[in-house]
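In what follows, a single structure is set out as C-alpha cells and then discussed.
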Amino acid sequence: MDFFSVLYFRFKKVWKAVRLYLVIAGPGLVVMIADNDAGGITTYAATGAKYGYHLIWFLLLLIPVAYYVQEMTVRLGAVTKRGHAEAIFESFGAFWGWFSLIDLMFVDWLTLVTEFVGMTAALSIFGIPAWITVILVVLLMSIIVLNGRYWTWEKIALGFCLLNLIYIPAAFMVNPSVSSILGQGLIPNLPGGFNNELFFLLMANIGTTIAPWMLFFQQSSVVDKGLQEKDINMGKLDTLIGSIITVVVAIFIVIVTGTLLNGAPIDDAATAARMLMKTNHYVGAFMAIGLFDAGLLGAICISLASSWAFGEIFGWAHSLNTKVKEAPWFYISFFLTLATAGVVPLIPGAPLVLITLFVQVVAVTLLPAALVFLILLLNDKKTMGEYANTPLQNTVSVIIVVLIIVLSTLYGVSALFPNLFQ
Amino acid sequence: MRMLKQFRSKIREINQRYGKPKIEMSKGVKFSLAVLRIYLFVLVLLMIYKFITVL
C-alpha cells in the first residue's frame, strides 16, 4: 500500500472512532460541566479574588479526582442497567436505600434552591425581576424535558454546556499575564501559608467538584441513554473530557477574578459580576450570563437526578424517552421539585444563607455513604464481572474517596461550627 | 385517603422487594457498613447538638 492509502485508512479509522464518540458522548460531558453550577462559579470566583492565580495547580489536581469517581458510575450503569438509587436498594437493602433516597431528595432540593438563587441574582444584573426569571426557567426546563426524547434533551443540555465556556473568552478579554499564570499557578504553593481561610476554600473547591447528585445523575443518565458494556471505554473517555473541561472552565474563572478582582471580598458570583462590570462591562456581562447558565445546567441535572431515583424505586416509568401520559409521576416529581425550589428565592426574607449552609451539611451525610456504596458495588464481582475494580483502580479510588470523605466532613463540620478550626 | 393507603402499600412492597441485601456480606462489606453507621451516627449527634445550641 502506498503512503496515501495508509493515510486514508488511518483517517477513516480515526473518523469512525470520532463518530462513535459523538454518539456515546453526553452523560459524562453534561454531568461534569453541570458540576460548575451556581455554587461552583461562586467558589471559583472567590478563589481567584482571594488568592489570584496561586491555586490553579490545585484545580488541576481535581481532574483525576472527578474522573476516577465518576467513571465508576459509567461502568456500574452500563453493566447493571440500573440507576444508583436502585443499585443501593438492591445491593444493601431497604434501610440504606431509603437513607440514600431521602437524603438525595433533601440535598437535591436544597441545591436546586441555590441554583435558583444564582439564576435570579444573575439576571437581576440585567434588570430582570426574580419572579420572571423563575417562571422563565421553569417553563424552559419543562419544555426541554417534555419533548419525549432523551437524545433531544441531551443535545439541548450540551448546548447549554457550550455556553458554559463563555468564561474562556472573558479571560482573554481581561488580558492576564501569561507568565504570571504559569509562574504562580502551575507550581504547587500555599499562598500566605496554610491557614483556616485557605483550608476552607480548598475544601469548598473539592466540595463543588464531587457532589452526591452527580453519582446518581450520571449512572441514571447512562442507563436512560442505553449504554452497553461495549460503550464503557467511550463513556469513560466522555467522562475524562468532561472532567478536563470543567476544570479548564474553573481555571478561566479564577483567571478573570484573579486578574480584575484580586483582593476584593467576593461572597457570591453575582457580586463578582457586578464588580467586574465596573471595570469591563462585557466581562461582567459574560460572568452574569455564565452564572445564569451554570445555575440552569445544575438545575436541569439535579431535578432529573431526583426524578430518576424516585422512578427507579417506586417502579414508575422513568425515562426521558417516555411521554407524559406514559410516565406521569416521573414528570410530576420533576416539575414539583423544580417549582417548589423556584418559589423559595421569591419569598421575602427567606433564609437563603441557612439553606446554603444546609446544603453543605446535608451533602456530607450523603456523599460518604454514596461513595462507599459505589466502591463496594464496583467490587461485587458477581454483578460486575470483568468490569469490577482492578486492584490498581481500587487503590486509586479508595485513596480519592477517603480524601474526599475526610475533607468534605471537615468542610461540613466547619460550616456547622465556624469557630472550631480557628 | 385512598392515595395514602396506596402509598403505604407501595412502601411496604418496596421494603419487601429490597428486604434482603443482594451483595455478598463479606468482612470488608460488613466493616465498611459498620464504619458508615458510626460516622453517620456521630454526624447526626453533631447536628442535633448544633440545633439545640442554636435554639
Residue within region A:392-400 that is away from chain B (no Cβ under 13 Å), buried (at least 19 other Cβ atoms within 10 Å of the Cβ), aliphatic (A, V, I, L, M) and under 21 Å from the mean Cα position of the chain (by Cα) present: yes
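Quick check on my filter: what residues within region B:15-27 are at the interface with chain A (Cβ under 7 Å from one of its Cβ atoms) and open to solvent by less than 100 Å² (accessible area, probe 1.4 Å)? Walk me through it before giving the result.
Step one: list which residues in region B:15-27 are at the interface with chain A (Cβ under 7 Å from one of its Cβ atoms), which gives B:15, B:18-24.
Answer for region B:15-27, where residues must be at the interface with chain A (Cβ under 7 Å from one of its Cβ atoms) and open to solvent by less than 100 Å² (accessible area, probe 1.4 Å): B:Asn15, B:Tyr18, B:Gly19, B:Pro21, B:Ile23.
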Qualifying residue in region B:34-42 (condition: out of contact with any Ser or Thr (no Cβ under 7 Å at 6 or more places or on another chain), at the interface with chain A (Cβ under 7 Å from one of its Cβ atoms) and free of Cβ contacts under 8 Å to residues at least 40 places away in the same chain): yes
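It is to be established whether one or more residues within region A:282-295 are of a type in the set (D, E, K, R) and open to solvent by 40 Å² or more (accessible area, probe 1.4 Å). Let's see the steps before the verdict.
Of region A:282-295, the ones of a type in the set (D, E, K, R) are A:293.
From what's left, open to solvent by 40 Å² or more (accessible area, probe 1.4 Å): none.
Checking region A:282-295: not a single residue is of a type in the set (D, E, K, R) and open to solvent by 40 Å² or more (accessible area, probe 1.4 Å).
With respect to A:Pro391, determine if the residue is touching a Phe, Trp or Tyr at 6+ places or on another chain (Cβ under 7 Å) and modelled with pLDDT of 75 or more. Show your work before the answer.
Numbers: touching a Phe, Trp or Tyr at 6+ places or on another chain (Cβ under 7 Å): no; modelled with pLDDT of 75 or more: yes.
For A:Pro391, the condition - touching a Phe, Trp or Tyr at 6+ places or on another chain (Cβ under 7 Å) and modelled with pLDDT of 75 or more - is not met.
Would a scan of region A:148-162 turn up a residue that is open to solvent by 70 Å² or more (accessible area, probe 1.4 Å) and within 17 Å of A:Asp35 (Cβ to Cβ)? Step through it out loud before you land on a result.
Looking only at region A:148-162, we keep the residues that are open to solvent by 70 Å² or more (accessible area, probe 1.4 Å), and these are A:149, A:151, A:155, A:162.
Going one step further and asking which of them are within 17 Å of A:Asp35 (Cβ to Cβ), we end up with A:162.
Yes, the conditions are met somewhere in region A:148-162.
Looking at region A:160-193 only, could you name the residues that are part of a loop (DSSP other than H, G, I, E, B) and among the β-branched types (Val, Ile, Thr)? First the steps, then the outcome.
First, pick out the residues of region A:160-193 that are part of a loop (DSSP other than H, G, I, E, B): A:174-177, A:186-193.
Selection gives A:Val174, A:Ile187.
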Number of positions in region A:90-104 that are of a type outside the set (A, V, I, L, M, F, W, C) and at the interface with chain B (Cβ under 7 Å from one of its Cβ atoms): 4
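Can we say A:Phe126 is more than 21 Å from the chain's Cα centre (by Cα), in a helix (DSSP H, G or I), over 23 Å from A:Thr208 (Cβ atoms) and not charged (D, E, K, R)? Let's see the steps before the verdict.
Values: more than 21 Å from the chain's Cα centre (by Cα): yes; in a helix (DSSP H, G or I): no; over 23 Å from A:Thr208 (Cβ atoms): yes; not charged (D, E, K, R): yes.
Judged against the criteria, A:Phe126 is not a match.
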Some residue of region A:132-147 being in contact (Cβ under 8 Å) with a residue 40 or more places away in the chain, outside any helix (DSSP H, G or I) and among the small types (Gly, Ala, Ser): no
Test: residue in region A:194-213 that is open to solvent by 10 Å² or more (accessible area, probe 1.4 Å), aromatic (Phe, Trp, Tyr), out of contact with any Asp or Glu (no Cβ under 6 Å at 6 or more places or on another chain) and outside any helix (DSSP H, G or I): yes
Verdict on A:Phe334 being within 10 Å of another protein chain (Cβ to nearest Cβ), aromatic (Phe, Trp, Tyr) and surrounded by 15 or more Cβ atoms within 10 Å (Cβ to Cβ): no
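Condition first: of a type in the set (Gly, Ala, Ser) and more than 7 Å from chain B (Cβ to nearest Cβ). Now tell me which residues in region A:367-381 satisfy that.
First pass over region A:367-381, keeping only residues of a type in the set (Gly, Ala, Ser): A:369-370.
Residue satisfying the conditions is A:Ala370 alone.
Take A:Phe252 and decide whether it is more than 19 Å from A:Ala45 (Cα to Cα) and in a helix (DSSP H, G or I).
Details: more than 19 Å from A:Ala45 (Cα to Cα): no; in a helix (DSSP H, G or I): yes.
For A:Phe252, the condition - more than 19 Å from A:Ala45 (Cα to Cα) and in a helix (DSSP H, G or I) - is not met.
Could you please let me know if B:Arg12 is away from every other protein chain (no Cβ under 11 Å) and either part of a helix (DSSP H, G or I) or touching a residue at least 12 places away in the same chain (Cβ under 8 Å) (or both)? Before you say what the answer is, go through the steps one by one.
Details: away from every other protein chain (no Cβ under 11 Å): no; either part of a helix (DSSP H, G or I) or touching a residue at least 12 places away in the same chain (Cβ under 8 Å) (or both): yes.
When the stated conditions are applied, B:Arg12 does not pass them.
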Hits in region A:372-387 (condition: farther than 12 Å from B:Glu24 by Cβ and free of Cβ contacts under 8 Å to residues at least 60 places away in the same chain): A:Val372, A:Glu386
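The values are calculated or read from the model by the stated rules, or taken from the named source; none is laboratory data. Because the structure is predicted, anything quoted here is derived from the model rather than measured. Neighbour counts are summed over all protein chains in view; Cβ atoms, including those assigned to glycine, are modelled from backbone coordinates with ideal geometry. Heavy atoms of the whole protein, side chains included, go into the accessibility calculation; ligands, DNA and RNA do not. Shrake-Rupley method; radii C 1.70, N 1.55, O 1.52, S 1.80 Å.
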